[in-house]
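Undergrad: One structure coming up, written as structure tokens, with questions to follow.
The values are calculated or read from the model by the stated rules, or taken from the named source; none is laboratory data. Quantities reported herein were computed from a predicted structural model and do not represent experimental measurements. Virtual Cβ from ideal backbone geometry, glycine too; neighbours counted across all protein chains shown.
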Amino acid sequence: MTSRKRPNAGMARRSSSRWLQSQSLNWFSETTGGVLTLDPDYLASSIELGYATTAHRSQGVTVDSAHAVAKAGLSRELFYVAMTRGRQANHAYVDFGVDHEAHSPDEWGLLTETPPAEHPVTVLEGVLKCESAEHTAHEVRDQQRAWANGLGRMVHELDYLHWAARSARTHEWVQSTYGDDPETVARLTEAATWPQLVKADPALHHEGEVGPEDAVPETLARCPPRHEDAPLSMPQRQPETQREVTADLVAHIHRELDGRLERIEADPPAWYDELAQHHPDPADRRAAAADVLVWRAASGQDDADTPLGKAPTEKDNTARYHQAAYAALHPSPENRTDNRDARHEALVSGLSDNWINLEISRPGRPTADEQVIVSGPRRGRDGEEWDR
């Protein structure tokens, strides 16, 4: 490849042109088809052997056998170019690492961060999903509209509104109950344990007396087990300013869900036949199919080969959707039970979403000053270490 132009060489050349050596000093241009004789000085200073080229530069080139390196972040368009250069064979070598080159404007990988894969197929799947081609205004509009009306996104947005309503009324409950005691308010609204308190929803479920020495463990113990919010339901005691927006979102979810139900009823997938066996009544079958569709959308598994796809972990917020879908496919009384007691026991004992143990590491009931909960292996005010 030439690295600089040389004037008066007998034919116009540009930097970075590709040349093939025909004789000792005669070179054949792949770009123009011409033949050029290069003097030894220019050959030594401005010509270097090219062992590889980029997919961009290889467009229009045909070779006997092509070898390409594929890695996370490569676009499907460039992968197509690289894998169609060979007449007889095309080979792809998959790079598992994430190598952010020093000269890249995204040196730290803040914009193109892609986690390393464990299997070549995973990398290639990501490459085939990565598009670099520019889209028309109509395509962008359609993509944004599809994203805004995506069932999974809307379900997660509704879950957030449920959480926001509980968080708002929990904060109001703490202020109205302990407003005259700033230390207790600060203790109950500690960031590390706030999610547990919101999940218990003391504004609706707290029973018994309150005291100035109260901390999160005592408050949780006085909140009896609560029912999980019904999927796709309106939040309880939501601020009036949010109710209209939430109602509109729920209506959008049901419209999208109805459209999906009509499509699978017209062209039933394999798992729908299984539903028909367990739910001969059309209305029951439609409700069960809705549970399965909501789970697949909320978990991002719309294209899963199996009805339920990959199961969530115990701490996953989508677990209740999986439970409803599983019960729809395996209808039995035990699959429809809401194990509130077990969930409440886990919440009180600290086995919550954040895996924080609310018990001090040494035996004995802690004093109010010792009840400082932090995330991670840190220490309380008196130096005692807390378990996590």
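Undergrad: I'm checking my understanding of the structure. Among residues of region 171-193 that are modelled with pLDDT of 90 or more and more than 18 Å from G211 (Cβ to Cβ), which one is surrounded by the fewest Cβ atoms within 10 Å (Cβ to Cβ)?
TA: The qualifying residue surrounded by the fewest Cβ atoms within 10 Å (Cβ to Cβ) is E172.
Undergrad: Hey, could you check region 293-321 for residues that are among the acidic types (D, E) and closer than 21 Å to P269 by Cβ and say which is farthest from the chain's Cα centre (by Cα)?
TA: Among those that are among the acidic types (D, E) and closer than 21 Å to P269 by Cβ, it is D305.
Undergrad: Something else: Considering region 196-217 alone, what residues qualify as being surrounded by fewer than 16 Cβ atoms within 10 Å (Cβ to Cβ) and not in a loop (DSSP other than H, G, I, E, B)?
TA: Matches in region 196-217: L204, H205.
Undergrad: Restricting attention to region 116-153, which residues are within 16 Å of M83 (Cβ to Cβ) and free of Cβ contacts under 8 Å to residues at least 24 places away in the same chain?
TA: Within region 116-153, V121, E125 meet the criteria.
Undergrad: Exactly one of these conditions fails for Q238: (1) over 14 Å from A328 (Cβ atoms); (2) not in a loop (DSSP other than H, G, I, E, B). Give me its number.
TA: (2)
Undergrad: Taking the condition of being under 17 Å from H156 (Cα atoms) and either among the polar types (S, T, N, Q) or without any contact (Cβ under 8 Å) to a residue 24 or more places away in the chain (or both), how many residues in region 299-312 meet it?
TA: Total satisfying the criteria: 3.
Undergrad: List the residue pairs whose Cβ atoms are under 6 Å apart, where the first residue sits in region 63-86 and is in the same structural domain as K129 (by TED's automatic domain parsing) and in contact (Cβ under 8 Å) with a residue 12 or more places away in the chain, the second is in a loop (DSSP other than H, G, I, E, B) and among the small types (G, A, S), and the two are 6 or more positions apart or on different chains.
TA: S75/S132; E77/S132; E77/A133; L78/A55; V81/A55; A82/A55; R85/S58
Undergrad: All but one of (1) hydrophobic (A, V, I, L, M, F, W, C); (2) outside any helix (DSSP H, G or I); (3) farther than 24 Å from D316 by Cα hold for A230; which doesn't?
TA: Every condition holds for A230 apart from (3).
Undergrad: Using the structure shown, decide if A148 is farther than 30 Å from L293 by Cβ and surrounded by fewer than 16 Cβ atoms within 10 Å (Cβ to Cβ).
TA: No.
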